[in-house]
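These notes are about the structure you will find just below.
What follows draws every value from the coordinates through simple rules; no lab data is involved. Just so we're clear, the structure is a prediction, and the values are computed from it rather than from any experiment. Quick reminder, even Gly has a Cβ in these numbers, built from the backbone with ideal geometry, and neighbours come from all protein chains shown.
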Number of protein chains: 2
Amino acid sequence: MSEDRQITVIAGGVGAAKFLRGLLGIYPNELVTAVVNVADDFRLHGLAISPDLDTVTYTLSEQVNPATGWGRVGETWRVRDELERLGGQTWFNLGDLDLALHLYRTQRLDEGATLTQVSLEICTRLGIKAQVLPASNQEIHTQLKVQGQGWIDFQDYFVAQQHNVAVEDLRFEGIASASPGPEVISSLKESDAIVIAPSNPFVSIKPILEISGIAAVLRERRQEVVAISPIVGGAALKGPASRMLEELGFERNSVGIASLYKDIARTLVIDEVDSDLSQRVESEGMRALVTNTIMDTPTRAAALASAVLAEVSLAEEDQQ
Amino acid sequence: MSEDRQITVIAGGVGAAKFLRGLLGIYPNELVTAVVNVADDFRLHGLAISPDLDTVTYTLSEQVNPATGWGRVGETWRVRDELERLGGQTWFNLGDLDLALHLYRTQRLDEGATLTQVSLEICTRLGIKAQVLPASNQEIHTQLKVQGQGWIDFQDYFVAQQHNVAVEDLRFEGIASASPGPEVISSLKESDAIVIAPSNPFVSIKPILEISGIAAVLRERRQEVVAISPIVGGAALKGPASRMLEELGFERNSVGIASLYKDIARTLVIDEVDSDLSQRVESEGMRALVTNTIMDTPTRAAALASAVLAEVSLAEEDQQ
């Protein structure tokens, strides 16, 4: 297969992982690259934790907990329960199987491996044939300014406080000096199409786009870029994307998403329930592609992927 | 109870832990301090692991695996098995329950707590009333020069290679700049008696004695110091102590132990099977106290502790 049929997906966590699984069900896996957000990564108990990379990895290797969309199916909590008995921090709820991956990653990073190398090792080990690339090998830390608390770390906002507090501002510590991970820029440049997954535009996609050089490639390649709106009927299917739109001064719907992505993507995929927003998305300067975006089954995720492939003229030839 | 009945035990891992449990069975626990070797401590998977502290803690809280003398009773291996599936390092065999303690310790150290503080927190949590003090809060790393391999780390020698290789030399990286942990010197100075537990003299006791100021206190207080030989009939009950004696140029019996401890301890406790060595131990300038030193049951450990108490004139008054 020629290189010119490659697809790169800019990815956050759960929504991106579901889309990727759908795509891999209908497209040659070795032609798919995911560039995954690392700005949620953090250290806890000395362990290097990469939530979005792990959600993608677990989903693509069919190990994800289907009830949550993240974490491991068949997970157990032996370590966490003992840690609780010892009076330790258990707010992040590290499962036993999940912990093994963090131990593996931390050990490899301590030995001098890059996060990219670790990610490729894990994919090989788990039989994932798509390339899963960290957006950067440098540390980037999302922080949120939230009402009444000032600046707090992402995991405090997202997990400890269950994103149940108003966001006033965002910043990505370290991003000014971060460079894209190996193969990130080349995969974006060489892919036939680029997809922005239905992830949170502020805390999943933005900390990828703001890494030096990435947004520039998307602007250049705008004609081949398709973004999938994470908002359906004014609400995010998961997480705080919709309330953050409003809190940060955007419309709380796919028109708000269009205003964020219009310079870097030609097409915005919006859900059928939002077909009435189609014209307003087009007024923002994007093509609106209306289809089902709710990936509640792998079949529906594959159908969404299929619609995206058609939009970038890869559908007919490449569906398997 | 007055301070002058305090006892401090200089401790390594399994042998020391068994002696301490015996002692705590017959003596007011709050009067007992253990100064524990930290030169086996190391980082694995980013986690701070303190094998001797944990063996003592698990034993004193009745959580130790009775089959091994270290690790947790009822341990499970969920994380290790998954780590193995991922291709990670599993030579150290971290159990799930054990991992929880390492997560706790690593998190607290990362937050700025000292190892001493963490040790006291864990003791409080687990209901241990004796003081368990790390010998130092600085990092000390035992390395061994072994035949044909040069210098290797302690855990490589002890766990990965099962101490199945000849030792030519020893060194304790970092010990020159390490200072005793808080309360270590004061507990040695203020105790009515000091016991050197039946631990490996080279890799458990020596890296405590060589910390600045500790051997000097023992020399000053030699009349109140009792050492328990870890060698019974020419063999260590556990570990490589006896072969190391020979490899490093000492007699492979309690006379060899006496030649190591004669300047810092008045009495050497030797096992009944070695009663014929009694005079030779005394020729080295130590009192020889002959009794059963095999702590195969808590009752026998208590009997040994009782004999040690009698030797330092604490037995009559304090036995409970």
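Computed from backbone phi, the HN-Hα couplings of the stretch B:175-191 come to 5, 5, 9, 7, 10, x, x, x, 6, 5, 5, 5, 5, 5, 6, 8, 5 Hz, rounded to whole numbers (Karplus: 6.51 cos²θ - 1.76 cosθ + 1.60, θ = phi - 60°; Gly and Pro given as x). Using the Cβ-Cβ distance between A:Glu272 and B:Ala113 with R0 = 51 Å, the FRET efficiency computed as 1/(1 + (r/R0)^6) comes to roughly 0.40. For peptide B:106-114, the mean count of partner chain Cβ atoms within 10 Å of a residue's Cβ comes to 3. Amide H contacts for A:Leu289 (H built 1.01 Å from N in the peptide plane; partners 5 or more residues away or on another chain; cut-off under 5 Å): A:Leu268, A:Val269, A:Ile270.
Residues of A:40-49, mean number of Cβ from any other protein chain within 10 Å of their own Cβ, rounded to a whole number?
Rounded to a whole number, the mean comes out at 4.
For the stretch A:139-187 versus the stretch B:18-68, the inter-centroid distance based on Cα atoms is 41 Å. Provide the three semi-axes, in whole Å and in decreasing order, of the ellipsoid equivalent to the protein assembly as shown as defined by the square roots of 5 times the Cα gyration tensor eigenvalues. Each semi-axis is the square root of five times an eigenvalue, giving 62, 23, 19 Å.
Each copy carries B:Gly148; placing its label point 7 Å along the C-beta direction from Cα gives inter-copy distances of 6.9 nm, listed from smallest up. Hydrodynamic analysis of chain B uses the Kirkwood radius over alpha carbon pairs. Inserted into Stokes-Einstein at 4 °C and 1.567 mPa s, it gives a translational diffusion coefficient of 66 µm²/s.
Across peptide A:87-93, how many C-beta atoms of other chains are within 10 Å of each residue C-beta, on average?
Values: counts 6, 10, 5, 2, 0, 0, 0.
What the average comes to for A:87-93 is 3.
Sites listed here are trypsin sites (Lys or Arg not before Pro) in the stretch B:107-197 whose DSSP assignment is loop and whose Cβ has at most 15 other Cβ atoms within 10 Å: B:Lys129. The residue in chain A that lies nearest, by its beta carbon, to the axis linking chain A with chain B is given here with the distance in whole angstrom as A:Gly46, 2. With just the Cα atoms defining each centre, how far is the stretch A:69-93 from the stretch B:222-254? Give it in Å. With the stretch A:69-93 and the stretch B:222-254 each reduced to a Cα centre, they are spaced 43 Å. From its DSSP helices (H runs of at least four residues, each -39,500 (n - 2.57)), chain B gives a residue-normalised ellipticity at 222 nm of -10000 deg cm²/dmol. The trypsin sites (Lys or Arg not before Pro) of the stretch B:196-269 include none that meets both conditions, a loop assignment by DSSP and at most 15 other Cβ atoms within 10 Å of the site Cβ. Each copy carries a label point for B:Trp91 at 7 Å from Cα along the beta-carbon vector; from one copy to the others these points are 3.8 nm apart, nearest first.
Report the longest stretch of chain B that contains none of the GluC sites (Glu not before Pro) sitting in a DSSP loop with at most 15 other Cβ atoms within 10 Å. Before the final figure, lay out each step's value.
Numbers: sites that count: B:Glu62, B:Glu111.
Counting at most 15 other Cβ atoms within 10 Å as exposed, the longest clean stretch of chain B is B:112-320.
The 3J(HN,Hα) values that the Karplus relation (6.51, -1.76, 1.60; θ = phi - 60°) gives for the stretch B:135-151 are, in residue order, 4, 8, 9, 8, 7, 10, 10, 5, 10, 10, 8, 10, 3, x, 10, x, 7 Hz. Gly and Pro appear as x. Amide H contacts of A:Ala48: A:Thr106, each under 5 Å away and 5 or more positions distant or on a separate chain (H built 1.01 Å from N in the peptide plane; Pro and chain starts excluded). Sequence-ordered 3J(HN,Hα) estimates for the stretch B:272-281 from the Karplus curve with 6.51, -1.76 and 1.60 and θ = phi - 60° stand at 4, 5, 9, 4, 5, 8, 3, 5, 5, 4 Hz, glycine and proline given as x.
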